[in-house]
Each structure stands twice: as C-alpha cells, then as structure tokens.
1. Greater than 19 Å separation of Cα atoms is the criterion. Which listed pairs, LYS395/LYS465; LYS53/LYS79; LYS395/LYS419, meet it?
2. When we measure straight from the Cα of LYS449, which lysines land under 16 angstrom away, once same-chain ones fewer than 8 places off are left out?
3. If amide hydrogens are placed 1.01 Å from N in the peptide plane, which non-local residues have theirs closer than 5 Å to the one on LEU122?
4. For a bin width of 10 Å, list the pair-distance distribution of region 1-136 built from all Cα-Cα distances, rounded to whole %.
5. Can you compute the helix-only [θ] at 222 nm over the chain? Use -39500 (n - 2.57) per DSSP H run of at least 4 residues, normalise by all residues, nearest 500 deg cm²/dmol.
6. Once the Cβ-Cβ distance between ARG262 and LYS295 is put in as r, and R0 is 41 Å, what FRET efficiency do you end up with, to the nearest 0.05?
7. Place +1 on the Cβ of every Lys and Arg and -1 on the Cβ of every Asp and Glu in the chain, take the dipole about the Cα centre, and give the residue among VAL445, TYR211, LEU48 whose Cα lies farthest towards its positive end.
8. Report, in degrees rounded to the nearest 10, the 0 to 90 angle that the Cα long axis of helix 391-404 makes with the longest principal axis of the chain.
Amino acid sequence: MQWEVVIGFETHVQLTTASKIFSGSSTRFGQEPNTQASAVDLALPGVLPVLNKGAVERAIAFGLAVDAKIAPLSVFARKNYFYPDLPKGYQISQFEIPVVQGGVMHFMMEKDGKQIAKSVQLTRAHLEEDAGKSVHEGFDGGSGIDLNRAGTPLLEIVTEPDMRSAAEAVAYAKALHTLVVWLGICDGNMQEGSFRCDANVSVRKVGQKEYGTRCEIKNLNSFRFLEDAINIEVKRQIQLIEDGGEVVQATRLYDPDKRETREMRTKEDAQDYRYFPDPDLPPLVISEEMIARVKATMPELPAAMRARFCTDFGLSEYDASVLTQSKEMAQYFEAVVAAAGKAQAKAAANWLMGDVASTLNRAGVEISESRVSAQQLAQVLQRIADGKISNKIAKDLFAEMWAADSRDANLADSIIAAKGWVVISDSSALEGIVAAVLEANPKSVEQFKAGKEAAINALIGQAMKASKGQANPAQLTELLRKKLME
C-alpha cells in the first residue's frame, strides 16, 4: 500500500525586542531564575498589559516579506489552560483576527541531485506571549518555576498542510529561519529556544482527498532532529494503521536518544482553550503609514538577492542559493567582488563554497568570525588572475592567512614574498623542469604518443610537483604538449 505524508508547521519565533511583549522586563537569555519577571509577568492582582510597539513592527516586517495581508485591525485573546509556568492561568495570544493573514514562503530544495523551487502557503502569523519554564533538575522529587521567559514576545507562524516529506519540511524550516534572521526580527538561536518548530504530521493513502489524523511533534530545536522525528512519526503511523489500529490525535515529544516519539497528551482543539477577546487590551490598529515606515527599513530580501546574483554576476541558481543562506555570507561575497572586480564573481563564489566554507566548518565559526577578511580574500583572487600564483599555491596561501589571523590589507602579498611563492613563468626554468619530467616518465610519454591523450595529465602533475606548485599551469601545459609532439 502506498502512503502520502502530509505535514504542516507551527513555528514559534522569539522576537528581538529588548523588553517583553506586555511589560518592560528584559528579554535577555540566561539570567538568574525569576530576576526578569515583573508584576505584570507574575500576574499580580490589578496589573495591566501594555503592548510592545517593537513586537508589532517585527510582525509587520515578516508579513511584508511573505506577501501577506497586514490586518488593519486585529484582536488579542485569552487562551485558557492551566500549567504551573503560566501564572495568569491563560496565555495572551491572537485567535480569530491575527495580525498577519495568509502569505507564502518560496524556497529551494534539493531533489534527485537538482535544485527545485517549492512554495508553502501560510495560514497566519500571530503575536503572543511565551510561558515560563518548569525546572526539574536540582529539586528532590519536585520542580521549580522560572518566570524569566514568561511574557517574551513570540510570532507564531502557521502553514497550510502543504509539505509532503521530511526533507521538504526541513527545507521550509531552514528557509524560514534564514528569513527571520535576515530581517533581524529573531536571532535564530535554536539552542536557546528562539526558533522552535512544531510539526503536524499525518499520513493518508495515495489518491485520498481527506486528511488523516494528525499528531503534533512539539519543540524540535534542530533541523536534524526535525527530519528524524518526522520520519519516525510517519513510520509509526503507517505501521499502526497497517496493523489495524487507529491514529489518535495527540501532542507528542521526540526522544533523540531512543529515536522515538511518545505521547505527551491528547491534542486539544480550539474550543478546549475557551478563547475570548482580552478585555484588558484594545484592538490593535495598524495604519498604512506604520506599514510604510516598516517597509522603508527592511533589507533586500533573500529571494531578490538570489535573483540579482544570477543576473548581475552570472551565478547559477544553486550558487546564489548557497551564498544567500545567511545575510553575513551574502555581504561577505559582495565585499569580495567589490574589491576583486566583477570578473572574479564566479571565482569568489567557488572559494566561499569550497575552501572558505570547509575552513569555517573545521573551526566551528560563522563567516562573520572569519580570520580572513573579504578584502584579503579578494587579493588572493587577484594574484591568481594576474598569474602570480597558481590555484594550488592559493590554497596554501589561504591556510597561512587563516593561521596568521591578521588584518593587514597586504597580508597575501607579504606571505607570497616571504615564502617565495611567486609563479615560475620563466621559459628556460620551465623547459628544465619539463625535460627532467619527460626523462623520468618514459612510460607516460610512450602512452601519449600512442594516442592516450589523458597521459599528459600525469606528466603535468609530476611537473607541478617538481616545481612545488609554482609553475605557471598554462605555460607548463603548452610547453609539455609542444615537447611531446616533437
């Protein structure tokens, strides 16, 4: 029996305001428990919430970025449920009239070795407050409550059930993560809970129109766990149905150690929360002037930048997609091209996706922490282009520059001079190297003369080795071919 996977997302994006959504308490992470909880956050009698304008502006920016409707009037509601870390006994959220309505996320994903364009329709994005945190470690048989996080501003982004595989879901989540960080509305730190994904997963027979019963997997804080959890839950549901059972709508948690999802509670529906408009908060009114002000402050969006990189620099869609996975990487690339010249755009892209990326990964740092500046990398590209160093030497040069960790604008030239790495272009010197290589490799010479064209590659490799990578590759190849044809 063939099955189709159906996935929808709810993502809680913590907004980058300095204070909470309804109080003036700080949103800094990692402070001593309950040191950032005001009377409003503690829900003391008589206190009233006051909406944070910065949270609204960030919600508007997101809505504009995904071509959504920004509601001119939206309403805050009380979502009633009882948890120890929810001091009011309800969460202030939005229900019937959210601030952001509709919209679409466009992104690229790899399938069968190719990059394909995908899109996911958004249902809504609404503002709400976060709950506190129950702490179980360090309490003998009990738990503690930390309300530092209570009232932290969130934008909950909800999709339609448009995704059909775990891989597509991860591609969407990564694109959304890139966008909210790019806009500056979220720091994207998944370990600290700034970007939390809930995946609604169901299965149905291929061709069936009705959706299957869904289960929600909560608080997935890494893309690897996200993909693993969805695949495991899909397998569980299919096995359950094929064994004659039924899927029960529930909220489930993912255990990465046991590689399983397990039931947390049966899933509530909206009516279970008894939503009603919050009487302490007036309707949120957003004017066209406010929307225009937010729009004027927004950066160029990733999709627009990808298109520009293809048009202006002649990059492939894949290259442009990789380079715009973060704003910092895109800015670094543009800085390299600005310093090295537009003709070096493809070379710059190759370096960033190759040696630079691998070096950053080994060091465990981001491009913003690179020990080689964009201007310094541009100088490396210029020295390759003007024939002063070979590509092999350039790789060794980059490693030396990384180790030096210097801001010297002429670092590349200084290392080239100190190491004596200038490319050998002198004809007589190259002729000597070629003669020695031909004499030492008679078998390759014989193979080439017998019509095996590829044999010249072995000779080129030996000649480059003999020159310690300093021979001018084009001149060397031309001279070798000339001598072989004699």
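1. LYS53/LYS79
2. LYS482, LYS483
3. GLY103, VAL104, MET105, GLU160
4. Per 10 Å bin, starting at 0, the Cα pair percentages come out as 10, 33, 29, 18, 8, 2, 0.
5. My calculation for the chain gives -12000 deg cm²/dmol from helical runs alone.
6. Once the sixth-power term is evaluated, E becomes 0.35.
7. Of VAL445, TYR211, LEU48, it is VAL445.
8. 50 degrees
Computed from the coordinates by the stated procedures, all read-outs in this text should not be read as laboratory data. Everything numeric here is computed off the predicted structure, so don't read it as measured data. Cβ atoms come from the backbone with ideal geometry, glycine included; neighbour counts cover every protein chain shown.
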